[in-house]
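Reviewing the structure listed below.
Please treat every number below as a calculation from the coordinates, not as lab data. Fair warning: this is a prediction, and the values are worked out from it, not measured in the lab. Glycine also receives a Cβ, built like all others from the backbone with ideal geometry; neighbour counts cover every protein chain displayed.
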Amino acid sequence: MINAIINRETTKGSTKRLRREGKVVGNIYGIDVSPTRIILDEKEVKKLISNGGNHNTIEINVEGKKYNAIVKEIQKCHASNSILHIDLECFNGDKIINAEIPVHYVNEFIASKNGAVIQKEKSSIKVRCKASKIPDHIDLVIKEQMLGHAIRISDMEIGDEITILDSLESVVASINFAKNTVEEVPQEDVKTEPEIS
């Protein structure tokens, strides 16, 4: 859960002041919520994003009222990468929504112990499903039989309640064996002189 308060600031320059104080301004709207300006703590927002919350549903507490919401947009400063603004859309659990779910790689050690390297082509997959069914992540479980092959979305185990919007032929990762960069240098023929007794 992430906490927010209603943004009642109306003075000029208040947004800049709030950002200097480590706050993020934003909007919340949607089911049973009229568009409302809110203030969030930047540390909480960053933690939310690091846990995949920029793709998934979240619970937000606005001054004691709790809502289910999805992050619709995040604006960042190009220079400092700090978060400037966030938009949240509220919904009920039966609403069909589109989301982008992060890929979670499991058993990566299987590749490394066999001398293979995983080249990650996709960090997330676009899906459509009920808001209440959106997973935190989609697992790509690395198995020995995958070594030396390209892994596509169709090779992953994804629940039937989720509709994949990306092409099922999209490559999620390629697992290739590391090439030996040291070439064997052929030995030159050595001519021997006859022994003189």
**Request:** Mind telling me which of Ser154, Ser80, Ser167 comes out most flexible in a GNM of the chain, alpha-carbon contacts under 10 Å?
**Result:** Ser80
**Prompt:** Tell me, how many Å apart are the Cα centres for the range 1-29 and for the range 142-174?
**Reply:** 41 Å
**Request:** Count neighbours as other Cβ atoms within 10 Å of each site's Cβ, and list the GluC sites (Glu not before Pro) in the range 135-164 that are DSSP loop with at most 14 such neighbours.
**Result:** Glu157, Glu161
**Item:** Most fluctuating residue given options Cys90, Cys77, Cys129, as computed from a GNM of the chain linking Cα atoms under 10 Å
**Value:** Cys77
**Request:** Could you pull out the trypsin sites (Lys or Arg not before Pro) across the range 1-83 that fall in loop regions by DSSP (anything but H, G, I, E, B) with no more than 10 other Cβ atoms inside 10 Å?
**Result:** Arg8, Lys12
**Complete:** Mean-square fluctuation maximum in Gaussian network of the chain, Cα pairs under 10 Å, restricted to Asp160, Asp87, Asp136, hits Asp160
**Asked** Which of Ile97, Ile2 comes first, and how do the rest follow, when ranked by fewest Cβ neighbours within 10 Å?
**Response** Ile97, Ile2
**Item:** Sites Asp94 and Ser34 - FRET efficiency at Förster radius 35 Å, r taken between beta-carbons, to 0.05
**Value:** 0.95
**Fill in**
With a Förster distance of 30 angstrom and the Cβ-Cβ distance between Arg17 and Lys65, calculated FRET efficiency to the nearest 0.05 equals 0.70
**Request:** Compute the normalised compactness of the chain: alpha-carbon radius of gyration over 2.2 N^0.38 Å, N being the residue count.
**Result:** 1.59
**Message:** For the range 35-117, what does the relative contact order come out to in percent, with C-alpha contacts under 8 Å and a separation of six or more?
**Reply:** 21 percent
**Request:** Starting from the Cα-Cα distance between Asp139 and Lys43, subtract it from 0.36 nm times their residue separation and give me the gain in nm to one decimal.
**Result:** 31.9 nm
**Item:** DSSP bridge pairs, the chain: antiparallel proportion in percent, nearest 5
**Value:** 75 percent
**Prompt:** Stretched out fully, how many nm does the piece from Ala178 to Thr163 gain, at 0.36 nm a residue minus the Cα gap?
**Reply:** 1.9 nm
**Prompt:** So what's the back-of-envelope 222 nm ellipticity for the chain, counting only DSSP H runs of four-plus at -39500 (n - 2.57) apiece and dividing by all residues, rounded to 500?
**Reply:** -2500 deg cm²/dmol
**Prompt:** Ranking His85, His78, His137 by Cβ neighbours within 10 Å, fewest first, what do you get?
**Reply:** His78, His85, His137
**Fill in**
In the range 2-92, lysine pairs 8 or more places apart or on different chains with C-alpha atoms under 24 Å apart total 26
**Asked** Taking the simple approach of a point 7 Å from Cα along Cα-to-Cβ for both Glu108 and Asp155, what is their distance in nm?
**Response** 1.7 nm
**Message:** Cut-off 18 Å, label point 7 angstrom out along Cα-to-Cβ of Leu147: give me the residues of the range 102-138 whose amide nitrogen falls inside.
**Reply:** 106-120
